[in-house]
Amino acid sequence: MTNENHVLQSFQLATERYASLGVDTTQVLEKMNKISLSLHCWQADDVTGFENQGGSLTGGIQVTGNYPGKARTINELRLDVLCAKSYIPGTHRLNLHEIYGDFEGKVVDRNEVEPSHFQSWMEWGKEHNMKLDFNSTSFSHPKSGDLTLANPNNDIRNFWIEHTKRCRWISEEMGKYQADPCMMNLWIHDGSKEVPASRIKYRRILEQSLDEIFSTEYANMKDCIEAKLFGIGLESYTVGSYDFYLGYGAKKGKIVTLDTGHFHLTESIADKISSMLLFTPEIMLHVSRPIRWDSDHVVILNDDLQDLAREIIRCDALDRVHIGLDYFDATINRIGAYVIGCRATQKAFIQALLEPSALLNSYEENGQYFERLALQEELKSMPWQAVWDYYCILNDVPVGENYISEIQKYEQTVTSKR
């Protein structure tokens, strides 16, 4: 067990060390408390949801593994989310897909969904101080196929237009209820296994669908549009590519979602932040970890994540960048996966906030590039962990690896009995 006195002593030493570089750790902790992650509800149940459609995942996505203890009901999923939340410092949000509605055992098709199906979620969120975000759900449905909003078949296309309109309506009611805008993310899997005869044909259809969907203005929700490089079985062509949504978002003033797993592995998502902030109103992040492809591995504290956090802080854009998580791993303890990824993301941001930006900028402005590079290297071994440990204590969550045994107890007493 971690000794709190030792944590406090280490924090005091770290505070002095950072102060010598012009960094105030008190201000850093205050900023950390304002960073809310949007936890993805689908980590607890492998993106299954509760709409009674049944069947496996379709639409270019899949979950691997079958670790025991998957959430099977709304109550079990809520219990798991609260368990994970208790090991993550700070105040956070919950991101729901439409298929997680409280349908009370009734079959409600996706073009019939209403705010009433999420009333219990709104009440639950208020009770547990978790504001809600939302997503339309185009995959794993008899009408999904390879094309939804970009489908030339009017019956299918209109079905998904109606679904997405209703999701925006639900998001509006969520935002109104919680007195804080609900981030409504739109991602569709539409694409082709082989190269189509005309790429622009389907993109024109998608543009028309989006124009119709967004024709109603709302005050309590914000629209986010998410691209993808490819989907399983749809490898050659994606209608809603990054270029498509970036162009649409810049033209229409919509928020573009950057999923860190939805790009080529050699692309720097961090490098996109400063450009997008110049031309789009805000940015939505879905933080994931790709391994060779969009595999949605559990987020860890790697170079890509740290670079992303640094770029957001260097752009002074915490008020314009919304941070959501988007991974699902069924090969390990699902609550453990939740906590690992969330804490890793927070660690990246606390390191970024501890960067002596004034000194680094001074070196750069004076052409002192040796000094800039040297300091950037020395920052890697600065005692940021001591500040993180103290932040955990301030928020009454386990320090260091202590959360592991707590999650093991939850598995023994709760999830192993499912």
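Sort out which residues of region 117-162 are on the phi < 0 side of the Ramachandran plot, surrounded by 19 or more Cβ atoms within 10 Å (Cβ to Cβ) and of a type in the set (S, T, N, Q), and write them in order of number.
Listed by number, the residues that qualify are N135, S136, T137, S138, S144, T148, N151.
Here are V298, V321: which of them is out of contact with any Phe, Trp or Tyr (no Cβ under 7 Å at 6 or more places or on another chain) and either surrounded by 15 or more Cβ atoms within 10 Å (Cβ to Cβ) or of a type in the set (G, A, S) (or both)?
Result: V321 is the single residue among V298, V321 that is out of contact with any Phe, Trp or Tyr (no Cβ under 7 Å at 6 or more places or on another chain) and either surrounded by 15 or more Cβ atoms within 10 Å (Cβ to Cβ) or of a type in the set (G, A, S) (or both).
Which condition number in (1) of a type outside the set (A, V, I, L, M); (2) surrounded by fewer than 18 Cβ atoms within 10 Å (Cβ to Cβ); (3) in a loop (DSSP other than H, G, I, E, B) is the one that H189 fails?
Single failed check for H189: (2).
Hey, can you tell me all the residues within region 385-416 that are surrounded by 14 or more Cβ atoms within 10 Å (Cβ to Cβ), among the acidic types (D, E) and farther than 22 Å from N66 by Cβ?
Scanning region 385-416 gives D389, E406.
Would you mention how many residues in region 225-237 are in contact with a His (Cβ under 8 Å, 6 or more places away or on another chain) and either of a type in the set (S, T, N, Q) or at pLDDT 90 or above (or both)?
3
Give the residue that is nearest to N135 (Cα to Cα), with candidates limited to residues of region 241-284 that are of a type in the set (S, T, Y) and touching a residue at least 40 places away in the same chain (Cβ under 8 Å).
Among residues in region 241-284 that are of a type in the set (S, T, Y) and touching a residue at least 40 places away in the same chain (Cβ under 8 Å), the one nearest to N135 (Cα to Cα) is T257.
When the residues of region 64-95 are narrowed to those that are hydrophobic (A, V, I, L, M, F, W, C) and either in contact with a His (Cβ under 7 Å, 6 or more places away or on another chain) or more than 29 Å from L394 (Cβ to Cβ) (or both), which ends up surrounded by the most Cβ atoms within 10 Å (Cβ to Cβ)?
A71
Do the conditions hold for V299, that is, is it closer than 22 Å to S36 by Cα, at pLDDT 95 or above and not in a helix (DSSP H, G or I)?
When the stated conditions are applied, V299 passes them.
Kindly indicate the residue of region 271-295 that is crowded, with 19+ Cβ neighbours inside 10 Å and under 23 Å from V339 (Cα atoms) and also modelled with the lowest pLDDT among those meeting that condition.
Selected residue: D294.
Only one of (1) closer than 28 Å to L210 by Cβ; (2) touching a His at 6+ places or on another chain (Cβ under 8 Å); (3) not basic (K, R) fails for H117. Which number is that?
Of the numbered conditions (1) closer than 28 Å to L210 by Cβ; (2) touching a His at 6+ places or on another chain (Cβ under 8 Å); (3) not basic (K, R), the odd one out for H117 is (2).
The values are calculated or read from the model by the stated rules, or taken from the named source; none is laboratory data. Bear in mind the structure is a predicted one, so any value in this text is a computation, not a measurement. Cβ coordinates were reconstructed from backbone atoms using ideal geometry, including for glycine residues, and neighbour counts include every protein chain displayed.
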